[in-house]
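*Asks:* Dropping a structure here in structure tokens format, bear with me for questions.
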Amino acid sequence: MKRLLVAAAGLALSVCLSFAPAIAAYPERPITLIVPWGAGGGTDSVARMIASLLERDLGQPVAVVNRTGGQGVVGHQAIADATPDGYTIGLLTVEIAMMHWQGLTKLDPASYTPLALVNEDPAGLQVRADAPYKTAKDVIDDVTKSPGKYKASGTAQGGIWHLALAGMLTSLKVQPTAVPWVPSNGAAPGLQDLVAGGVQIVTCSLPEARALIEAGRVKSLAVMATERSKLMPDVPTLKEATGSDWTIGAWRGVAGPKGLPKEVTDRLIPALKKAYDSKAYQDFLSSRGFGGRWAEGAAFGAFMTEADASLGKVMKEVGLAK
Amino acid sequence: MGAVEAGIAMVMRFDVILTILAAAAFGIVVGAIPGLTATMAIALLVPITFFMEPIPAVGAMIACSAMAIFAGDIPSTLMRMPGTPASAAYTDECYAMTRKGEAEVALGANVLFSALGGLFGTAVLIVAAPLLAEVALGFSSFEYFWLALLGLSCAIFIGTGAPLKGLLSLLLGLFFATIGLDNPAGIPRFTFGNAELLSGVDFIPAMIGLFAVSEVLRAMASGAPDWEMRQTAMRNPLKGWGRMFVTYWPQQLRGNITGTAIGILPGAGADIAAWVSYAMSRKFSKTPEKFGTGHVEGIIESTSSNNAALAGAWVPALVFGIPGDSITAIVIGVLYLKGLNPGPTLFLNNPQAIYAVFTIFILANLAMIPLGLAALKAGTALLRVPRKLMMPIILVFCIVGAYAVNNSVYGVVLMLGFGVLGFLMEEHGVPIAPCVLGIVLGKLLEEAFVTSMIKADGQLLAFFERPMAAGLGVLTLLVLCLPLLGRLRRALRSA
């Protein structure tokens, strides 16, 4: 009899527990924020800033977990595979609109519930400070004259900055093969190789090139965006410099697995908006030189779909898509 | 001199010192837990520094990383489980000393020479940062190719036993380095369509498996007998240190210089520095036969080297914002957040901050001695635990560490697989150190070769076209060919 009572009590308790999430208001336990890139990088610092601000608003710890490897595939997979209960969300990066075109994964922007776009950094066109070019047009003219002579770097083969270069050249009616790509482990090694004389062009974002630009070793000739950057207002847009309409940037946004319940998105999107508008986040962006860009919910989803289509188009044109 | 005093005054405040001490203690704990690296310790500090003043924030990072690299030697010595990758090169040597009952001597050497190495690196950072950063910035993939090849030649010196078995081990390591997507062409290799395998063989689970899990398996296979040797307590550390300092000053100096130089180069950090120094120590030793049997000489050189590399990595980071290793890659982000934008202008506009950084470096390395000694005393108590109890505990630590690397079970599976591999290799007399070296250097070597070939349109001679590359190339070829020439000469003489 006693044993039966214990069993009944246990059953009652477990029933209560399993219903608890439905009764209590979200969130009632810690949230995990997955980052598909390594600790300490730009994406990681954005994630940690957002997490610390969300934590204050939601009243629950938000733990940042780095799931690296496979050039972002592993982490993006982990976000998509999580249970859609709002307790595991993640920071998507531009790679989500690129990887599936390369045949690396089946994941695409539609595999997620978009929450908010929080940052975008357009590509810049950088050369050595002592290079004989004054404008981006000079670079293009020189490249057209001797295709294959100049090499460019800034990220891995088929990465976002590789596409920036290829798309820019295509938009200016230059063969993308005119500037062979030298793969590197990110912008810093690429920039170092630029200064060391290993490559002649680096197409990475302005904040990544900032230290060497300020040190007078590198100059930026154009930024591939519709507007000039706040960080370096003297650098013209690609349109101003060459007439090309080509724009591209690396962006980051918060999303959850597909099928997040409405009560979760209704709680998270305003919290993210508050975090984005906070002084702490805006100060963070300006001190790191990062660009802010906001889009929430469906608008972020539409932004990703559009990016997916345009990146896919370029990747097919330059032969990077499978 | 106003800036120097202002810089020192910025550090000599109660709250700053307290932050540094707390971060140092945190660094020791994280560094001593296998799988949790110094880089990870720094990454965990980042969100905390959001809410700190600039100087304590930077101080916390410096103190934490220095302690973590030293603390990695503790489990490495006591349990053959490198706490951080920077300890892997001399793990076997330290563990051999423990087996001889000299755990405290090995750890004492680690404390003292880590601190001295750190101070040497700091001195170089203070005196010559702008100048040396300039040199480091001139290194392109051509130079890195030769450096990686030179590093691989270390395998000749670190492997004990038959050279053929050493080569087999090295080739295994190089093979593991090819797995995954992170190669120059961005093509998945040996992944069998598995998303986890795309990330390749992570170095840390592999290292824990090869060293620690294989040792657990071996102990279990033999019924986990207790240590035959009683551990001798370290009497007066100062006395022992004085003797080691006098006997091994050339090794120590060489380790300091090698470590600082490798640290300054943006492509290589403390782990590679330790490997190169250990190999050099053996190569130039008067008693190379003692290496691998628990000889303190190689430990001194390589433990000096990895801590010197840490300070060296700050040279390109402060002057050009180019990270010298994975730790400074994180630090640069924090410097920007705190308005201490790296670059030559930092030295001109904000010299007191630079002097404050230097002061923190000196303080952190000095604090390492008392904190390190305390950690050592606490650590060696573990050796009195019966090995039958210790082995399962070590295995638990291995599993936690391998999981923590990427928060996935994949790391644990990888680690267990490598544990079995390490066990089988050692049962057949195949050394595991060259395999670890192959995993460390394989990617660097391949990247440097492929990117150089793209830049040079496939012209192999390009590896000798740049003056620095030519010099390094000739040096590498000499190192690789000298033993052959020597053998040839002996053969001719005897004929």
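The values are calculated or read from the model by the stated rules, or taken from the named source; none is laboratory data. Quick caveat: nothing in here was measured; it's all calculated off a predicted structure. Glycine also receives a Cβ, built like all others from the backbone with ideal geometry; neighbour counts cover every protein chain displayed.
*Asks:* Looking at (1) under 18 Å from A:G256 (Cβ atoms); (2) modelled with pLDDT under 90; (3) not in a helix (DSSP H, G or I), can you tell me which one A:L33 breaks?
*Replies:* Going through (1) under 18 Å from A:G256 (Cβ atoms); (2) modelled with pLDDT under 90; (3) not in a helix (DSSP H, G or I) one by one, A:L33 breaks only (2).
*Asks:* Just name the residue that is farthest from the other protein chains (Cβ to nearest Cβ) out of those in the range B:123-148 that are of a type outside the set (S, T, Y) and touching a Ser or Thr at 6+ places or on another chain (Cβ under 7 Å).
*Replies:* B:V124
*Asks:* Further question: Out of B:V409, B:V440, B:V436, I need the residue that is touching a Phe, Trp or Tyr at 6+ places or on another chain (Cβ under 9 Å) and without any contact (Cβ under 8 Å) to a residue 60 or more places away in the chain. Which one?
*Replies:* Exactly one of B:V409, B:V440, B:V436 is touching a Phe, Trp or Tyr at 6+ places or on another chain (Cβ under 9 Å) and without any contact (Cβ under 8 Å) to a residue 60 or more places away in the chain, namely B:V409.
*Asks:* Quick one: in the range A:177-209, which of the residues that are modelled with pLDDT under 90 and among the aliphatic types (A, V, I, L, M) is farthest from B:I187 (Cα to Cα)?
*Replies:* A:A188
*Asks:* Answer yes if at least one residue in the range A:210-219 is surrounded by fewer than 23 Cβ atoms within 10 Å (Cβ to Cβ), in contact with a Lys or Arg (Cβ under 9 Å, 6 or more places away or on another chain), modelled with pLDDT of 95 or more and outside the structural domain of A:S310 (by TED's automatic domain parsing), and no otherwise.
*Replies:* Yes, the range A:210-219 contains at least one residue that is surrounded by fewer than 23 Cβ atoms within 10 Å (Cβ to Cβ), in contact with a Lys or Arg (Cβ under 9 Å, 6 or more places away or on another chain), modelled with pLDDT of 95 or more and outside the structural domain of A:S310 (by TED's automatic domain parsing).
*Asks:* In the range A:59-90, which residues are buried (at least 18 other Cβ atoms within 10 Å of the Cβ) and away from chain B (no Cβ under 14 Å)?
*Replies:* Across the range A:59-90, the qualifying residues are A:G86, A:Y87, A:I89.
*Asks:* Name every residue in the range B:191-231 that is part of a loop (DSSP other than H, G, I, E, B) and either surrounded by 13 or more Cβ atoms within 10 Å (Cβ to Cβ) or touching a Gly at 6+ places or on another chain (Cβ under 7 Å) (or both), in order of residue number. Even if it seems obvious, please write down each step before you answer.
*Replies:* Let us first name the residues in the range B:191-231 that are part of a loop (DSSP other than H, G, I, E, B), namely B:191-195, B:200-202, B:222-231.
Once the filter is applied, which keeps residues that are part of a loop (DSSP other than H, G, I, E, B) and either surrounded by 13 or more Cβ atoms within 10 Å (Cβ to Cβ) or touching a Gly at 6+ places or on another chain (Cβ under 7 Å) (or both), the range B:191-231 yields B:T191, B:A195, B:G200, B:V201, B:D202, B:A224, B:W227, B:M229, B:R230, B:Q231.
*Asks:* Here's something else I'd like to know. Within the range B:283-328, how many residues are under 16 Å from the mean Cα position of the chain (by Cα) and either outside any loop (DSSP other than H, G, I, E, B) or in contact (Cβ under 8 Å) with a residue 60 or more places away in the chain (or both)?
*Replies:* Going through the range B:283-328 one residue at a time, the tally reaches 21.
*Asks:* Counting just the residues of the range B:397-412 that are over 22 Å from B:M220 (Cβ atoms) and β-branched (V, I, T), which one comes out modelled with the lowest pLDDT?
*Replies:* B:V405
Yes/no per residue for (1) within 21 Å of B:G255 (Cα to Cα); (2) among the aliphatic types (A, V, I, L, M); (3) modelled with pLDDT of 90 or more:
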{"site": "B:G2", "(1), (2), (3)": "no, no, no"}
{"site": "B:V16", "(1), (2), (3)": "no, yes, yes"}
{"site": "B:A24", "(1), (2), (3)": "no, yes, yes"}
{"site": "B:A38", "(1), (2), (3)": "yes, yes, no"}
{"site": "B:V46", "(1), (2), (3)": "no, yes, no"}
{"site": "B:P56", "(1), (2), (3)": "no, no, yes"}
{"site": "B:A89", "(1), (2), (3)": "yes, yes, yes"}
{"site": "B:E93", "(1), (2), (3)": "yes, no, yes"}
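*Asks:* Of the residues B:P344, B:P323, B:P316, which is touching a Gly at 6+ places or on another chain (Cβ under 6 Å) and within 14 Å of chain A (Cβ to nearest Cβ)?
*Replies:* Going through B:P344, B:P323, B:P316 in turn, just one is touching a Gly at 6+ places or on another chain (Cβ under 6 Å) and within 14 Å of chain A (Cβ to nearest Cβ): B:P316.
So that you can scan it fast, the table gives a plain yes or no per residue for (1) more than 22 Å from B:P75 (Cα to Cα); (2) at pLDDT below 85; (3) part of a helix (DSSP H, G or I):
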position: B:F358; (1), (2), (3): yes, no, yes
position: B:N365; (1), (2), (3): no, no, yes
position: B:L395; (1), (2), (3): no, no, yes
position: B:L414; (1), (2), (3): no, no, yes
position: B:G422; (1), (2), (3): no, no, yes
position: B:E426; (1), (2), (3): no, no, yes
position: B:P431; (1), (2), (3): no, no, no
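*Asks:* Might you let me know whether the range B:435-452 holds any residue that is buried (at least 18 other Cβ atoms within 10 Å of the Cβ) and in contact with a strand residue (DSSP E or B) (Cβ under 7 Å, 6 or more places away or on another chain)?
*Replies:* Within the range B:435-452, one or more residues are buried (at least 18 other Cβ atoms within 10 Å of the Cβ) and in contact with a strand residue (DSSP E or B) (Cβ under 7 Å, 6 or more places away or on another chain).
*Asks:* Tell me the residue from A:A116, A:A39, A:A110 that is small (G, A, S) and within 10 Å of chain B (Cβ to nearest Cβ), please.
*Replies:* A:A39
*Asks:* Give me the residue from the range A:277-291 that is within 12 Å of A:M49 (Cβ to Cβ) and either within 16 Å of the chain's Cα centre (by Cα) or in a strand (DSSP E or B) (or both) and, out of that set, nearest to the other protein chains (Cβ to nearest Cβ).
*Replies:* A:R288
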